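Report on one structure; see the data block that follows.
The values are calculated or read from the model by the stated rules, or taken from the named source; none is laboratory data. All figures in this text were calculated on a predicted structure; none of them were measured in a lab. Note that each Cβ is placed from the backbone with ideal geometry, even for glycine, and that neighbours are counted across all protein chains shown.
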Amino acid sequence: MEEPRSAVEEADRTLEEIAARFGEAVNRRRRTLRTSWQNGEENVPGHGTDTEQLRLALRDYRELADRLLHL
């Protein structure tokens, strides 16, 4: 009777590992997105984040959120 319990415990551990990896992947993508628009924030003339960069970053955030919501 211990075999079914072991199988469920293993399934629980597996799902926990998958969730951790998923969270890490989302955080890596978020850092990449953040870098895409934050690197241009310096107050050096001609080196600020332009509107197009911000528009593209917003599009990428929306796309990621949409993908996550529709898994």
Using beta carbons and a limit of 9 Å, which pairs, at least six apart or on different chains, have the first residue in segment 18-30 and in contact (Cβ under 8 Å) with a residue 12 or more places away in the chain and the second one of a type in the set (D, E) and assigned to a helix (DSSP H, G or I)?
-> R29/D60
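Quick grid of which residues meet (1) at pLDDT below 95; (2) touching a Gly at 6+ places or on another chain (Cβ under 6 Å); (3) in a helix (DSSP H, G or I):
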site: R31; (1), (2), (3): no, no, yes
site: T35; (1), (2), (3): yes, no, yes
site: G48; (1), (2), (3): yes, yes, no
site: L58; (1), (2), (3): no, no, yes
site: R62; (1), (2), (3): no, no, yes
